[in-house]
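Worksheet: one structure, shown below.
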Amino acid sequence: MNIEPYLTPYKWGKPVLVGSGIPGRFDERAVDCPFVFQHKGKFYMMYVGFDGTGYQTALAVSDDLLHFEHLSVILRRDEGSDWDAKNIAGTWILKENRIDAAPVLKKWNDKYWLVYHAYPEFGYEKGSAKIGLAWCEDENLLTWHRLAEPILVPEDGADWEQGGLYKECLIEHEGTFYLFYNAKNTNTGRWIEQTGVAFSKDLTNWRRYENNPVLRVTPDAWDSGFVSDPCVLRDKDGWVMYFFGYNYKQAQEGIAISRDLLHWEKYPEPIIRVGEEGSVDEIFAHKPSVITHNGVLYHFYCASRKYKEGDPTKNWGKEFRTITVAASRPLP
């Protein structure tokens with residue numbers, strides 16, 4: 001199992017995006033869940049902001065992939081149907097799948113398509129989340145129209161996903177849409193999160209894979225609790241999935257390989273580990289978004305460390321949560 005072409009060992013060591021810390025702003029406490037892409041000659045990041053009430057989703061823009069500036073909130077609370085009006089996290093827009101290609105957006109039926117999940121209650125990930133879809137014809141990517149009903153709900157799933165559906169990855173391959181997502185088995189106690197996939201021909205009607213989950217936790221290992229947040233990319237005739245593993249202490253990035261998008265072999269160790277004490281990712285290094293630019297792999301992820309006096313944001317009174325990047329070559 002050769003994972004060398006997919007590794008990004010060079011951490012930048014500081015955030016590329018930080019929350020505002022401004023009371024009342026959507027990102028007052030933290031930023032999270034990066035999704036980086038290219039559009040109209042610029043780099044964009046879709047990301048989630050947390051304000052203590054819940055998630056909302058925004059875009060940031062960059063010229064160099066190292067410094068991102070907030071552009072606009074694109075998925076706001078109180079704008080959807082009842083099921084997605086409180087807490088909404090966009091995670092993926094349909095785009096080019098190949099790992100060696102520019103990460104440009106793809107249209108289907110002359111529209112851009114965004115997948116998200118929404119929690120039914122206010123607060124931090126309260127209740128069992130459902131998965132929804134939104135579309136956009138605005139080339140500035142600022143005006144999104146949500147489908148009225150969710151496309152996947154936990155109640156229709158198997159035991160492993162009854163607690164809620166989360167971070168999505170949407171790809172198209174040979175006329176079929178594949179929706180990878182992670183889910184948890186329960187809302188109470190210490191749950192387990194694993195990753196499954198569903199299929200569609202029209203983005204509206206979805207069928208779950210009968211052998212889900214396709215990525216499972218490993219007992220007593222670094223990913224014994226979660227294997228979550230899939231980022232699936234094509235490389236020649238095969239596929240690579242970046243994900244994060246969690247053992248209820250540390251969250252770290254991992255990788256899996258597949259020939260057919262259904263059967264995945266995990267590399268047994270993390271490929272990005274938490275950093276040393278005081279580093280930007282000393283607690284968590286997780287939630288991947290990986291792209292290629294000028295032959296360099298950029299691996300964006302959410303980083304957390306203990307709060308220090310003077311940090312612009314404070315999450316839960318103790319955590320400084322930001323977005324950072326690692327690369328296949330040293331960064332400036």
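Give the residue that is farthest from I151 (Cα to Cα), with candidates limited to residues of region 69-110 that are in a strand (DSSP E or B) and not hydrophobic (A, V, I, L, M, F, W, C). Here the answer is E69. In a residue-by-residue description of region 56-68, the property of being free of Cβ contacts under 8 Å to residues at least 24 places away in the same chain, within 22 Å of C136 (Cβ to Cβ) and surrounded by fewer than 22 Cβ atoms within 10 Å (Cβ to Cβ) applies to at least one position.
Considering only region 285-305, I want to know if a residue exists there that is surrounded by fewer than 16 Cβ atoms within 10 Å (Cβ to Cβ) and aliphatic (A, V, I, L, M). Scanning region 285-305, I find at least one residue that is surrounded by fewer than 16 Cβ atoms within 10 Å (Cβ to Cβ) and aliphatic (A, V, I, L, M), so the answer is yes. When residues in region 38-55 are screened for being surrounded by fewer than 22 Cβ atoms within 10 Å (Cβ to Cβ) and either in a loop (DSSP other than H, G, I, E, B) or of a type in the set (F, W, Y) (or both), 7 of them pass. Restricting D220, D202 to residues that are on the phi > 0 side of the Ramachandran plot and modelled with pLDDT of 95 or more narrows the list to D220.
Contact map, region 31-46: residues that are more than 12 Å from N140 (Cα to Cα) paired with residues that are of a type in the set (K, R), Cβ distance under 8 Å, separation 6+ or inter-chain. Pairs shown: V31/R321; D32/K287; D32/R321; C33/K167; C33/K287; P34/K287; F37/K95. Evaluating R29 against the criteria (1) crowded, with 23+ Cβ neighbours inside 10 Å; (2) basic (K, R); (3) under 24 Å from Y242 (Cα atoms) leaves one unmet condition, (3). Can you pull out the residues in region 250-284 that are of a type in the set (S, T, N, Q), surrounded by fewer than 21 Cβ atoms within 10 Å (Cβ to Cβ) and either assigned to a strand (DSSP E or B) or in contact with a Pro (Cβ under 7 Å, 6 or more places away or on another chain) (or both)? Within region 250-284, just S258 meets the criteria.
Against the test of being hydrophobic (A, V, I, L, M, F, W, C), touching an Asp or Glu at 6+ places or on another chain (Cβ under 9 Å) and either under 25 Å from F180 (Cβ atoms) or touching a residue at least 12 places away in the same chain (Cβ under 8 Å) (or both), the options I88, I74, I93 yield a single qualifying residue, I88. Exactly one residue among D159, D220 is exposed (fewer than 15 other Cβ atoms within 10 Å of the Cβ), under 18 Å from Y267 (Cβ atoms) and out of contact with any strand residue (DSSP E or B) (no Cβ under 8 Å at 6 or more places or on another chain), and that residue is D220.
Yes or no, residue by residue, for (1) assigned to a strand (DSSP E or B); (2) under 26 Å from P120 (Cα atoms); (3) of a type in the set (K, R); (4) without any contact (Cβ under 8 Å) to a residue 40 or more places away in the chain:
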site	(1), (2), (3), (4)
L179	yes, yes, no, no
T188	no, yes, no, yes
G196	yes, yes, no, yes
N211	no, no, no, no
V232	yes, no, no, no
Y248	no, yes, no, no
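Here the condition is being within 18 Å of V280 (Cα to Cα) and either touching a Pro at 6+ places or on another chain (Cβ under 9 Å) or charged (D, E, K, R) (or both); of R29, R25, R76, it holds for R29 alone. For region 68-80, check the following and say yes or no: at least one residue is touching a Ser or Thr at 6+ places or on another chain (Cβ under 6 Å) and hydroxyl-bearing (S, T, Y). No, that holds for no residue. Taking the criterion of being among the charged types (D, E, K, R) and part of a loop (DSSP other than H, G, I, E, B), the residues of region 10-25 that qualify are K14, R25.
Restricting K106, K111 to residues that are touching a residue at least 40 places away in the same chain (Cβ under 8 Å) and basic (K, R) narrows the list to K106.
Suppose the filter is closer than 24 Å to I291 by Cβ, out of contact with any helix residue (DSSP H, G or I) (no Cβ under 6 Å at 6 or more places or on another chain) and modelled with pLDDT under 95; does G41 pass it? Judged against the criteria, G41 is a match.
For region 133-147, the criterion of being under 30 Å from G189 (Cα atoms), surrounded by fewer than 21 Cβ atoms within 10 Å (Cβ to Cβ) and either touching a Gly at 6+ places or on another chain (Cβ under 7 Å) or touching a residue at least 40 places away in the same chain (Cβ under 8 Å) (or both) is satisfied by no residue at all.
The values are calculated or read from the model by the stated rules, or taken from the named source; none is laboratory data. Here the structure is a predicted model, which is why all the values come from computation and not from measurement. Here Cβ is always computed from backbone atoms with ideal geometry, including for glycine, and neighbour counts include all displayed protein chains.
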